[in-house]
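Accompanying notes for the structure given below.
The values are calculated or read from the model by the stated rules, or taken from the named source; none is laboratory data. Worth saying up front: this structure is predicted, and the values here are computed from it rather than measured. No Cβ is skipped: glycine too gets one built from the backbone with ideal geometry, and neighbour counts run over all protein chains shown.
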Amino acid sequence: MKKIILMLCIFLLLVTITTKEAKAFYEENELSQITKIANQNGVSINTWSMYIKEPIQHFSTMRDLDKSVSVFLKNEKEYTWSPKKAEKDYYKIEGKKESASLGIAEKVLIIIYSQNGKYNLSITYDIKGKWNESKWPAIFNMYKNKIDNYSTFYTIQGTANIENSLYTEASQLLADFSGEEVQSLNENNFVSLSAYTKHWENKLPLGDNQYMNLHIAYRETSEPANKVKVTIGTPIITSEY
């Protein structure tokens, strides 16, 4: 009986530590900061996405690459995998799974191609869902290892009622990120700002010693004139906007 109680206490302690770790990560994570600032600027968040890209793996022979893919597919049994499909210059395999309890859908894309005498393997994960802040700690626990070790892109989409021009509203949002505009596209019904903020380490080079790690887009909709679609991503938006 004492052993059972001890094991139960250890289990509860581990759960508590994991939950605190997830909450601490959430406070520091780019996605958390994006959603917080978006809410402060009157953006009602509808959907979110997380795009994770593993480093390209290189193989000397196709046989070695195929072995690696076989091991990967064997370990990832939760996905429904498509047969290998030949495209013009590469092969691809897609895996899909959904989590109704977390409200997310995930797609894994495996790309196989040859270049410079090497056989290359690219693996990316595309996770999407309706935004629900309370579910993020559990989602984080699922992907923590990948988030810690691979390139991760976040995007949120929502709507907002605005009083000023699209560019003015986007610039005000950018200021709350302490961001500096690097490039912009300003049209009558659409504005896109590429920017850089020192708060985040992740960044993409643009040339001429310029970088971006924040992307903001405002677009007019068919809704009332003052209601617009808002998309925010880091280091770049990875969905249609």
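I want to confirm something. Restricting to the stretch 130-151 and keeping residues that are within 21 Å of Val230 (Cβ to Cβ) and surrounded by 15 or more Cβ atoms within 10 Å (Cβ to Cβ), which single residue is modelled with the highest pLDDT? Looking at the filtered set, the residue picked out is Trp131.
Within the stretch 194-236, if we keep just the residues that are part of a loop (DSSP other than H, G, I, E, B) and either of a type in the set (A, V, I, L, M) or not assigned by TED's automatic domain parsing to the domain that holds Thr47 (or both), the residue that is nearest to Trp48 (Cα to Cα) turns out to be Ile236. The single residue among Glu169, Glu180, Glu163 that is among the charged types (D, E, K, R), within 14 Å of Ile232 (Cα to Cα) and either assigned by TED's automatic domain parsing to the domain that holds Thr35 or surrounded by 15 or more Cβ atoms within 10 Å (Cβ to Cβ) (or both) turns out to be Glu169. Residues that are surrounded by fewer than 16 Cβ atoms within 10 Å (Cβ to Cβ) and of a type outside the set (Lys, Arg) were ranked within the stretch 217-235; the one that is farthest from Ile162 (Cα to Cα) is Ser222.
Okay, residues lined up against (1) more than 26 Å from Tyr143 (Cβ to Cβ); (2) in contact with a Ser or Thr (Cβ under 8 Å, 6 or more places away or on another chain); (3) modelled with pLDDT of 95 or more:
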position: Phe72; (1), (2), (3): no, no, yes
position: Tyr91; (1), (2), (3): no, no, yes
position: Lys96; (1), (2), (3): no, yes, yes
position: Ile104; (1), (2), (3): no, no, yes
position: Gly117; (1), (2), (3): yes, no, no
position: Leu121; (1), (2), (3): no, yes, yes
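The set of residues in the stretch 64-95 that are within 30 Å of Glu133 (Cβ to Cβ) and in contact with a Phe, Trp or Tyr (Cβ under 6 Å, 6 or more places away or on another chain) contains only Gly95.
For the stretch 203-212, the count of residues that are within 17 Å of Ser171 (Cβ to Cβ) and modelled with pLDDT of 90 or more is nonzero.
Residues in the stretch 36-80 that are closer than 20 Å to Ala105 by Cβ and β-branched (Val, Ile, Thr) were compared, and the one that is nearest to the chain's Cα centre (by Cα) is Ile52. Restricting attention to the stretch 165-200, the residues that are under 24 Å from the mean Cα position of the chain (by Cα), without any contact (Cβ under 8 Å) to a residue 12 or more places away in the chain and more than 18 Å from Asn41 (Cα to Cα) total 1. Restricting attention to the stretch 115-140 and to residues that are small (Gly, Ala, Ser) and without any contact (Cβ under 8 Å) to a residue 12 or more places away in the chain, the residue that is nearest to Leu31 (Cα to Cα) turns out to be Ser134. Among the numbered conditions (1) small (Gly, Ala, Ser); (2) free of Cβ contacts under 8 Å to residues at least 60 places away in the same chain; (3) not in a strand (DSSP E or B), tell me where Ser239 comes up short. Just one mismatch for Ser239, condition (2).
Every residue, every condition in (1) under 30 Å from Leu166 (Cα atoms); (2) touching a Pro at 6+ places or on another chain (Cβ under 8 Å); (3) among the basic types (Lys, Arg); (4) exposed (fewer than 13 other Cβ atoms within 10 Å of the Cβ), yes or no:
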site	(1), (2), (3), (4)
Ile45	yes, no, no, no
Ser49	yes, no, no, no
Pro55	no, no, no, yes
Ser70	no, no, no, yes
Leu73	no, no, no, no
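If you go through the stretch 31-68 and keep only what is farther than 30 Å from Ile93 by Cα and either in contact with a Lys or Arg (Cβ under 9 Å, 6 or more places away or on another chain) or touching a residue at least 24 places away in the same chain (Cβ under 8 Å) (or both), you end up with Ser32, Gln33, Ile34, Thr35, Ile37, Ala38, Gln40, Asn41, Gly42, Val43, Ser44, Ile45.
Among the residues of the stretch 37-72, those that are of a type outside the set (Gly, Ala, Ser), within 30 Å of Gly158 (Cβ to Cβ) and part of a helix (DSSP H, G or I) comprise Ile37, Asn39, Gln40.
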